[in-house]
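To start, the structure under review is shown below, and the notes come after it.
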Amino acid sequence: MFPNGAAPRRVVVTGMGIASPLGLGVEHVWRRLLAGESGISAIQSFDVKDLPAKIAGQVPAGTRETGGLDLNEWIPPKDQKKMDRFIQLAIVAAVEAVEDSGWLPEDEESRAATGVMIGSGIGGLTTIYDASQLVASGRAKRLSPFFIPSALINLASGHVSMRYGFKGPNHAVVTACATGVHALGDAARLIAFGDADVMVAGGAEAAVSELGMAGFCAARALCTAFNDRPAEASRPWSEDRDGFVMGEGAGVCVLEEYEHAKKRGAKIYAEVIGYGMSGDAHHITAPPDDGNGAYRSMRAALRSAGVTPEQVQYVNAHGTSTYADDVELGAVERLWGDAASGLAMSSTKSAIGHLLGAAGAVEGIFSILAIRDRVAPPTLNLEKPSRETPIDRVAKVAQERPIKVALSNSFGFGGTNASIVFRAAP
Amino acid sequence: MSETAEKVKKIVVEHLGVDEAKVTEDASFIDDLGADSLDTVELVMAFEEAFGVEIPDDAAEKITTVKDAIAYIESQKG
């Protein structure tokens, strides 16, 4: 597969963008995350009286300057109606990432070497719901010509490519809650293999809707016991956790071949050094009790990174605030063995909720920032863990730690697991 | 300007996000106002909704300018 027997190329991160329940803008979100703030709040955009779960992580309204979302600042109003909210959020994060990277090539050759791989777990759920209502009421002929392109998952990548003229590989990942990590990892491999020099990669999700909430409630996956205390609802590893808190948002990274980035003097945040995947082959929504899928995914990622567990100082856990938190914990303990006591592992879902297909990308960015600033973001609400562990779960308060290598996990329905490893900029 | 003409222009401005001054009667949706083929489909649907008329596909294909739209709608309203 490698041209002329060449070795895989090194891949670095040169741009990042986030739209999340803690707001817009990587630095703004990161500051709030480290300060222990929560982005979870009561749902007000639709009626929740029939829903057992009434809270979520929602991207706050505001202006770009204040870290809030005003779509008109990002997408012309006439185009907004041609895309579901997940695509809108993807564009917001992609624009920040691309501007941050400074990679805005005008020449055809550079544009052809730049691709996009932004995925989503669910895609245009609200768009599909609204269109279904129209058809069910006998008004199929009133369906917008933009219905299908608004709902399709790969249209996030499509819109970003059209905005910047990026004509390289145009691809999209759909692996439920593992989407974000798969997108970053697969995009890095495309660069390593020479299919592209630069990839705009990540995930986006906008399933905080009546249908989305009802669906996950039906699967008994969502937290319902903390409707009156939203900031306390997402509590990974806590004894009294009772389900995940739905979140929306997007995370996008600009990944770039190392020499390419060096040559143009780009700012380099970190290097993508490892990527691993596995399948559970077990159950549609639950992991096996022994966490062997998570274990194999992390082991594969470390192997491809060429590092041992002792060399990793921080893990950003999948940690959704469900019973599966302890399954992942067990897998990390087994893989790290005696090195577990030197490890920090936190779940940033405690602050922003579970962004489904965007989770892995946003959490990947948090892992990169943890390396940049040598600080582990906290796991909020962790007072009484369901069980003890030698691993430091960074309860409630961020910790300065000598982080040089970080691993981020994302696991999805269908038994799909992905882990990615970053190292400090070369 | 007739009431129909005014309403048609307003719909065009809203749907295509263009400056009102550009929406002259001779303006072509695609050539002058930046619409693509899906935009024109949506525009025709908006006319149908707003005026309570049905515009069959073969008639819709011939509506390419603001003037065409006004003329067709007025003819239907009789």
Q) Which one of A:Val208, A:Val198, A:Val160 is among the β-branched types (Val, Ile, Thr) and under 30 Å from A:Thr322 (Cβ atoms)? A) A:Val208
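If we keep just the residues of the stretch A:388-416 that are assigned to a loop (DSSP other than H, G, I, E, B) and among the charged types (D, E, K, R), which is surrounded by the fewest Cβ atoms within 10 Å (Cβ to Cβ)? Steps first, please.
Let us first name the residues in the stretch A:388-416 that are assigned to a loop (DSSP other than H, G, I, E, B), namely A:388-391, A:393-394, A:396-398, A:401-404, A:413-415.
Next, only the ones that are among the charged types (D, E, K, R) stay: A:388, A:393, A:396, A:401, A:404.
On the way: A:Glu388: 6, A:Arg393: 24, A:Lys396: 13, A:Arg401: 17, A:Lys404: 16.
Checked the stretch A:388-416; the qualifying residue surrounded by the fewest Cβ atoms within 10 Å (Cβ to Cβ) is A:Glu388.
It is to be established whether one or more residues within the stretch A:142-149 are under 26 Å from the mean Cα position of the chain (by Cα), surrounded by 23 or more Cβ atoms within 10 Å (Cβ to Cβ) and not hydrophobic (A, V, I, L, M, F, W, C). Give the derivation first.
Going through the stretch A:142-149, the residues under 26 Å from the mean Cα position of the chain (by Cα) turn out to be A:147-149.
Now drop any that are not surrounded by 23 or more Cβ atoms within 10 Å (Cβ to Cβ), which leaves none.
No, every residue in the stretch A:142-149 fails to be under 26 Å from the mean Cα position of the chain (by Cα), surrounded by 23 or more Cβ atoms within 10 Å (Cβ to Cβ) and not hydrophobic (A, V, I, L, M, F, W, C).
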Q. Looking only at residues in the stretch A:117-141 that are buried (at least 23 other Cβ atoms within 10 Å of the Cβ) and small (Gly, Ala, Ser), which one is farthest from the other protein chains (Cβ to nearest Cβ)?
A. A:Gly121
Q) Looking only at helices (runs of 4 or more DSSP H) that fall completely inside the stretch A:122-228, which ones have 2 or more residues that are farther than 30 Å from A:Ala294 by Cβ? A) A:125-136, A:147-151, A:155-164
Q: Could you please give the count of residues in the stretch B:32-53 that are surrounded by fewer than 18 Cβ atoms within 10 Å (Cβ to Cβ) and without any contact (Cβ under 8 Å) to a residue 12 or more places away in the chain?
A: 7
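So which residues in the stretch A:352-387 are of a type in the set (Val, Ile, Thr) and either on the phi > 0 side of the Ramachandran plot or assigned to a helix (DSSP H, G or I) (or both), if there are any at all?
Keep residues of the stretch A:352-387 that are of a type in the set (Val, Ile, Thr), which gives A:352, A:362, A:365, A:368, A:371, A:375, A:379.
Selection gives A:Ile352, A:Val362, A:Ile365, A:Ile368, A:Ile371.
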Q) surrounded by 14 or more Cβ atoms within 10 Å (Cβ to Cβ) and within 14 Å of chain B (Cβ to nearest Cβ): does that describe A:Leu24? A) no
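Do we find that A:Tyr164 is touching a residue at least 40 places away in the same chain (Cβ under 8 Å), more than 14 Å from chain B (Cβ to nearest Cβ), surrounded by fewer than 17 Cβ atoms within 10 Å (Cβ to Cβ) and not charged (D, E, K, R) in this structure? Lay out the reasoning, then the answer.
Working: touching a residue at least 40 places away in the same chain (Cβ under 8 Å): yes; more than 14 Å from chain B (Cβ to nearest Cβ): yes; surrounded by fewer than 17 Cβ atoms within 10 Å (Cβ to Cβ): no; not charged (D, E, K, R): yes.
Criteria not met by A:Tyr164.
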Q: Considering only the stretch B:37-73, state which residues are out of contact with any Phe, Trp or Tyr (no Cβ under 8 Å at 6 or more places or on another chain), more than 10 Å from every other protein chain (Cβ to nearest Cβ) and part of a loop (DSSP other than H, G, I, E, B).
A: B:Gly52, B:Pro56
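Only residues that are among the aromatic types (Phe, Trp, Tyr) and under 19 Å from the mean Cα position of the chain (by Cα): list them for the stretch A:1-42, please. Step through it out loud before you land on a result.
Here is the first cut: in the stretch A:1-42, the residues among the aromatic types (Phe, Trp, Tyr) are A:2, A:30.
Once the filter is applied, which keeps residues that are among the aromatic types (Phe, Trp, Tyr) and under 19 Å from the mean Cα position of the chain (by Cα), the stretch A:1-42 yields only A:Trp30.
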Q) Quick check: anything in the stretch A:132-141 in contact with a helix residue (DSSP H, G or I) (Cβ under 8 Å, 6 or more places away or on another chain) and under 30 Å from A:Glu106 (Cβ atoms)? A) no
(Q) When you scan the stretch A:98-116, do you find a residue that is assigned to a helix (DSSP H, G or I), buried (at least 18 other Cβ atoms within 10 Å of the Cβ), more than 19 Å from the chain's Cα centre (by Cα) and within 14 Å of chain B (Cβ to nearest Cβ), even just one? (A) no
Q: Would you point out which residue out of A:Gly249, A:Gly185, A:Gly243, A:Gly202 is crowded, with 24+ Cβ neighbours inside 10 Å, in contact with a Pro (Cβ under 7 Å, 6 or more places away or on another chain) and not aliphatic (A, V, I, L, M)?
A: A:Gly249
Q) Residues of the stretch A:50-90 being part of a helix (DSSP H, G or I) and either away from chain B (no Cβ under 14 Å) or in contact with a His (Cβ under 6 Å, 6 or more places away or on another chain) (or both), which ones? A) A:Arg64, A:Glu65, A:Thr66, A:Glu73, A:Arg85, A:Phe86, A:Ile87, A:Gln88, A:Leu89, A:Ala90
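Out of the stretch B:1-29, which residues are in a loop (DSSP other than H, G, I, E, B) and away from chain A (no Cβ under 14 Å)? Lay out the reasoning, then the answer.
Pass one, the stretch B:1-29, residues in a loop (DSSP other than H, G, I, E, B): B:1-2, B:17-19, B:23-27, B:29.
Listed by number, the residues that qualify are B:Met1, B:Ser2, B:Thr24, B:Glu25, B:Asp26, B:Ala27.
Each value in this text was obtained by applying a stated rule to the coordinates, not by laboratory testing. None of the values given here were measured: they were computed from a predicted structure. A quick note on method: Cβ atoms are made from the backbone with ideal geometry, for glycine too, and the neighbour counts reach across all protein chains shown.
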